[in-house]
Amino acid sequence: MNNVNYIGQTLKNLFSKPATVKYPFEPREFPERTRGHVENDMDVCILCGLCQMRCPTGAITVDKKGQTWAIRPFSCIQCRSCVDNCPKKSLSMGQQYQEPGTEKIEKKFDLSDKQKEALAEQARIAVEKAAAAKAAMEAKKKAEAEAAAKATEAAGSTADVKG
Amino acid sequence: MSSRSVIPFGPQHPVLPEPIHLDLVLEDEKVVEAVPSIGFVHRGLESLVTKKDFKEMVYVAERICGICSFGHGFGYCDAVEHIMDIEVTERANYLRTILFEMSRMHSHILWLGLMADAFGFESLFMDTWRIREKVLDMLEAATGGRVIFSILDVGGLRRDIPDDMLKSFLPVLDEIEKELAIDVKAFLNDSAVKSRLCGVGFLSAEQVEKLGCCGPFLRGSGVKRDSRKLGYAAYDDIDFEIITSDDCDTYGRTFVRAQEILQSISIIRQAIEKVPAGEVMVPVKGFPKGEHMTRIEQPRGEACYYVKANGTKFLERMRVRTPTFANIPALTETLQGCSLSDVPILVVAIDPCISCTER
Ligand code: SF4
Ligand code: SF4
C-alpha cells in the first residue's frame, strides 16, 4: 500500500491552519535585516553626494544648490550600497517593501529647515575660516617680504662700511 | 507509418514559468524529435562588465538568476579575488558555505515541488513549497533578502552573521529535516510517483558523460562528480560524500536531489559548529589585472566563471557557463522516443534555468 502513505500528511494539511499569512489583513512581520526601501533622515544629511556616486543603478540624485535629495524607487534594487557608504549614517533601510505604482515616480525630499540652517552656518564658518586663513597668509607674506627687504638693506650698509 | 505532426511546447507553458521553446515532432503520441530554441530572456548581462565597475558587477552577477543568485555572486567574486590575490578570511568562507548550502536547499526543494506539480501531485507540491519558505525565512533573517542577498562582495561578505543568529537556525533545520522526511518518503516510495518517474528518461553513465551533463543529472546516472570536492570556500574542512544513484532515470535524479537537501542540512550544521570568529571582509585595493576561471557546484550543476581584467576599474570580459546549458543536449536526447505525457517531467528533470542560460 505504498500509494497511501501520504494521506496522513494530506489530511493534516486539510485540517490545519493555512500556512500562508492572511495578507493584507495580517501584516507581515519582517526580520530586522529585511531590505525593503531606502529612507533618508533629512535632519542629518549633508548632501555630500556619496550615495549618488555609489548607487549602482543611479537611483539617487543629490541637488546641492536646490538642497534636495531625490530617489527613484523604481530604479532602486535595494542593494544597501548607499546605506553602507553614507558618512553621516543618515540613510537607512526600511523594512516594508516599496509601494507599487502606475508611474515610475521620483521622490524628492527637501532638507529640513534646521539642517538647512546648520549647513548655512557651517558654510559661513568655512568661508570665515578661509578668509581668516587667507588674511593670515597675506600678513605672513608681507612680513617675510619686509624682513627680506630689511636684510638686503642691512647687507648693503655693511658692504658700504667694508668698502 | 502514421503521419507526423509538430507540437510547440513553450515558451509559455504551465509546467515551467521560464521561456524555453521546444518543437516536438510527434508520431501519434510518441516524440521522435525535439528541437529546442532559447533566446527569449537574453538581457546582455555579461556585456555589462564593460559599463559597471568591478565591485558593482557583484550585484549584476547575483541577478543572473533568482534561484542560484548566491552561487553566481560567489563565482564572480571568487574569480576576481583570485585575480587580485585576495585571501578571504576563514569566517567569511564558512559563512559563504552556509549561505551557499541554504540556497542549494531552497533550489532543490523548489525543484521537488515543480516535479510534483509536473506529474500532478498538487498536495505534495504545496507541502514542499511550504517547507521551502522556512529556508527563505532563514536567508532573509541572515541577509535581508529572500532570493537576492546582496551580502557578497569582492573580499568577503558585506555583513557579518552573528553567532547567535547562526545558532538560532539549528532548530529550524531540525524541523525542516523532520518535515521533509515525510515528503521525501512520498517521492521515493509512493507507487503513483514511481510509476511516473521510474524508467523515464533513461541515460546511461556513458551517455551522460558523452553529452557533457553536470550536476544532479550526472550523478543520477551514477557518475561521481561534484565540484564542491574542489575545496573552494570551506568545503575542504567539511565532511560529505558525493551522492549518486545507479537508476539512471528520472527517479535516480529525484533521489539524488532529495538526498542532497538532507546533505546540505548536515553541511550547514557542521559549518555552524566550526565557524571561527574574526573579520568577514578584507580591504580591497587597486584594480584587478589578469584572468581567471572558477568552477563551482551550483544547485543545478557545475558552473564556470571566466573573468578577464585589464587593470582598470572596468573588466574586459566575463563569461558564465551555466549548468542548464550543459544539460540541454541531454534533454533533447531523453525526449526522443518518449511519450508526449512525459515531456513536462523530462523538461523539469534537468531543472532548467533559462534565465541563467541566456543571461
Ligand atoms: S551619503 Fe548620506 S549624507 Fe551624503 S548625500 Fe547621501 S544621504 Fe546625504
Ligand atoms: S539601495 Fe542600492 S540601488 Fe537603492 S538607492 Fe541605495 S545604492 Fe541605489
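The angle separating the long axis of helix B:163-189 from the principal Cα axis of greatest extent in chain B is about 10 degrees. Got a number for carbon plus sulfur as a percent of the stretch B:180-296's accessible area, 1.4 Å probe? Carbon and sulfur together cover 51 percent of it. Rounded to whole numbers, the Karplus 3J(HN,Hα) couplings from phi for the stretch A:115-126 are 5, 4, 4, 4, 5, 4, 4, 4, 5, 4, 4, 4 Hz, using 6.51 cos²θ - 1.76 cosθ + 1.60 with θ = phi - 60°, and x at Gly and Pro.
Taking label positions 7 Å along the Cα-Cβ direction at both B:Glu27 and A:Ala130, the computed distance is 8.6 nm, reported to one decimal. Sorting B:Val32, B:Val223 by accessible area puts them as B:Val32, B:Val223; the probe is 1.4 Å, largest comes first, and only protein heavy atoms count.
Whole-Hz Karplus values for the stretch A:52-63 come out as 4, 5, 8, 7, x, 9, x, 7, 9, 10, 10, 10 Hz, taken residue by residue from phi with 6.51 cos²θ - 1.76 cosθ + 1.60 and θ = phi - 60°; glycine and proline positions read x.
Quick check: with the 1.4 Å probe, what order do B:Tyr251, A:Tyr23 take by accessible area, largest first? Write out the running numbers ahead of the final one.
Numbers: B:Tyr251 30, A:Tyr23 150 Å².
Largest accessible area first, the list is A:Tyr23, B:Tyr251.
Among B:Ser245, B:Ser221, B:Ser341, the largest mean-square fluctuation in a Gaussian network model of chain B (Cα springs under 10 Å) belongs to B:Ser341. Of the residues B:Asp239, B:Asp174, B:Asp53, B:Asp351, the one with the largest accessible area comes first in the ranking B:Asp239, B:Asp174, B:Asp53, B:Asp351, computed with a 1.4 Å probe on protein heavy atoms. A cysteine counts as unpartnered when no other cysteine's C-beta lies under 4.7 Å of its own; in chain A this applies to A:Cys45, A:Cys48, A:Cys55, A:Cys76, A:Cys79, A:Cys86. Quick one: helix B:323-335 against the long Cα principal axis of chain B, what's the angle to the nearest 10°, folded into 0 to 90? Roughly 10 degrees between the two axes. Annotation: amide H-H contacts under 5 Å for A:Gln78 (H modelled 1.01 Å from N, sequence separation of 5 or more, or interchain): none. Accessible area per residue for the protein assembly as shown is 48 Å², calculated with a 1.4 Å probe on protein heavy atoms, without ligands, DNA or RNA. Once A binds B, the 1.4 Å probe can no longer reach about 2200 Å² of accessible area, counting both sides. Carbon and sulfur together cover what percent of the accessible area of the stretch A:29-111 at a 1.4 Å probe radius? Carbon plus sulfur share of accessible area: 49 percent. Packing, as the average of other Cβ atoms within 10 Å across residues, places the peptides B:179-190, B:75-86 in the order B:75-86, B:179-190, highest first. Within the listed set B:Gly286, B:Gly311, B:Gly156, the Gaussian network model of chain B (springs between alpha-carbon atoms below 10 Å) gives the highest mean-square fluctuation for B:Gly286. Considering only A:Ser92, A:Ser112, A:Ser16, the mean-square fluctuation computed in a Gaussian network model of chain A, springs between alpha carbons under 10 angstrom, is largest for A:Ser16. Could you give the nm distance between label points at A:Ala139 and B:Asn310, where each point is 7 Å from its Cα heading toward the beta carbon? Placing both labels 7 Å beyond Cα along the Cβ direction yields 5.5 nm.
The values are calculated or read from the model by the stated rules, or taken from the named source; none is laboratory data. Keep in mind it's a predicted model, so treat the numbers as computed, not measured. Heads up, the Cβs are rebuilt from the backbone with ideal geometry, glycines too, and the neighbour counts pull from every protein chain shown. Heavy atoms of the whole protein, side chains included, go into the accessibility calculation; ligands, DNA and RNA do not. Shrake-Rupley method; radii C 1.70, N 1.55, O 1.52, S 1.80 Å.
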